[in-house]
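A short reminder: the numbers here are calculations on the coordinates, not readings from a lab. From a predicted model like this one, the values you see are computed outputs, not experimental measurements.
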Amino acid sequence: MTKTNLTSVDVDTLYLGGVAVTATAAELNKSFDYEYELLATTPVAPSIKNGVIRIAKTSAGVVTATLAPPVAGTDDFKRLNIINFQTQTNLLIVTEGFGGAGSGEDTCTFTNVLGSSIELMAYNGHWYITGQNNVGVA
């Protein structure tokens, strides 16, 4: 492969894999860097499929949240990092189970340690666990 140094005046259109990139810089940044704060027991907004979810309830009590399944093809390889910012146990439920495993693998329990976390990747309509810290799955 030959490397060529280009300046901004050399290129009118950016191509990745032969396809022109038409998104603005702001759109690209948003798609990779979304942050959502979970403040109460609630379903996580269905559109949240990429970025960071912070569990940061402002009042006492456990957060029990349900994560919508990703859309096969559309959401493939998107990643979510979910981090507990509380010193209490919180729950995250994935209705179809992690990796599509069903009811035996559908609940993620965050310990009461600040920073307990789970990293998920979407593929073919399911969430797959790619990393976890102080989190149990059952």
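Structural remarks
- The range 33-137 - share of DSSP beta bridges that are antiparallel (%, nearest 5): 60
- Sorted into 5 angstrom bins from 0, the C-alpha pair distances of the range 33-137 split as 3, 14, 26, 28, 19, 8, 2, 0 percent.
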